[in-house]
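The values are calculated or read from the model by the stated rules, or taken from the named source; none is laboratory data. Since we're looking at a predicted model, the values are computed, not measured. With ideal geometry, Cβ positions are generated from the backbone for all residues, glycine too; neighbour counts draw on all protein chains shown. Note: accessible area is taken over every heavy atom of the protein model, side chains too, but ligands, DNA and RNA are not part of it. Shrake-Rupley method; radii C 1.70, N 1.55, O 1.52, S 1.80 Å.
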Amino acid sequence: MQLSHWSYAVVLGLCLGAAGSEALAAGPPLAPDMVNALESLQQRLQDDGASQDEIDDAKAAARRLQGGNAADRWARALFLQLAATGEARRGRDGAAADLYRQARRIDGVDGDSRQRWLDQEARLRLRAGQTAQGAELLGEWIERHGGDRDSLWLMAQAQATLERWSQAANWVDRARRAGGMNDTRRALAASVYQHAERYEAALGLLDTALEGKGDDPDAWRRAAALAQRMQRPGLAAALWEAGWRRGALQGREALEQLIRLHVAGGTPARAAEYLQAAFEDGTLPRDVEHQRRLAEAWTAARAHREALSAWRTLAERTRAAEDWRQLGELAYGWGEWSTAVEALREAREQGADPARTWLLEGVSLLELSREEDARQAFEAARDAGASQAEDWLASLDAD
């Protein structure tokens, strides 16, 4: 999860610009010439858009004041803040954060200024990609001040970027209680919950998103994928079906996925119906792959007539022993004896196991009251190595 997808708001107001005399009054009284120097530099930074010369002048002034008295230390902190603001405006967030760090560590800086610069440093480090350090500082600031909702969401994003999913989920919980939910944050929260394996919470968020953006195909895909991860294939199929019916999910690829999800989700008859309709309207080709999928779907649905018809169509097309065998065994299991006899013979002719096909054919012939044909089949099965054939022959002799 990339931090670049989020805008880390950094308050770049200069210390003297918004608060005026109140900002200066936060520390020891400064000499008039020092106040003039600060105000002049501030004005130049504003007028020139934070040129490198102004930033260098602020840093130089801060160096000259190092090691002075309380007033000098306070002035030094203010010059460092001006330099930090200039660096941030030029996009050098890491350098700006370092300057805020120096400013807030100066002895004698008041608590409010120290905490304000801590917040600034944290956000700048996050924006600079120094995520672990930024998250630690932001967490420290939030624990001291309670944190507004933007800070809480920012912290959740930072923990997600670090792939600390359990911690990220806890921060999402706090952020949701604070409010400020929007589409971006809802997507973040759902992703965090999913990675933290809090699937029900994630799905609840996605359900809300679907209500608001029912035409967004990605929202339906995410919801179905989440249901699959929750090992709820039926729900995944239902979600995809809803997206398909709404028109959010369209095209051949989406239809193929819908069919697969219905098979996996325990509604194979719906998959077969979609396949059959797609064959008829030309959306999907009636090739071997799709015909096999149709046969398997009808088989899973235990739709005897449709399944046997689909397997026959496939076997006649492929002439493969395995496809004829599958048709024969299904017909045998479902008591469709004539179909079983025909399919088992075809399977054997194409190379299927003679022992088993002869044996099953013999049973099928016996069910059709064709005892002599059955005897011949059992004898052939015995000769092919089917041990059960002897028992069937013995039962015929006993009769």
Task: Accessible area of the chain belonging to carbon and sulfur atoms, whole % at 1.4 Å probe - done: 44
Task: Ranking by accessible area, most exposed first, for D98, D33 with a 1.4 Å probe - done: D33, D98
TODO: In Å and from the alpha-carbon atoms only, list the Rg and Dmax of the chain.
DONE: 37.6, 125
TODO: Sort out for me the Cα centre separation of the range 56-92 from the range 303-333, rounded to whole Å.
DONE: 84
Task: Separation between Cα centres of the range 98-132 and the range 151-212, rounded to whole Å - done: 27
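Label the range 291-365 by shape, choosing from rounded, prolate and oblate, from the square roots a ≥ b ≥ c of the eigenvalues of the Cα gyration tensor; if a/c is under 1.5 it is rounded, and otherwise prolate applies when a/b is larger than b/c, oblate when it is not.
Values: a/c = 2.27, a/b = 1.32, b/c = 1.72.
Oblate shape, in that a/c is at least 1.5 and b/c is the bigger or equal ratio.
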Open item on the list: Can you give me the accessible area per residue for the chain, using a 1.4 Å probe, in Å²?
Closed with: 48
Task: Nitroxide proxy distance, nm - points 7 Å out along Cα→Cβ at E379 and A277 - done: 5.5
Task: Percent RCO, i.e. relative contact order, over the chain, from Cα pairs under 8 Å lying at least 6 residues apart - done: 6
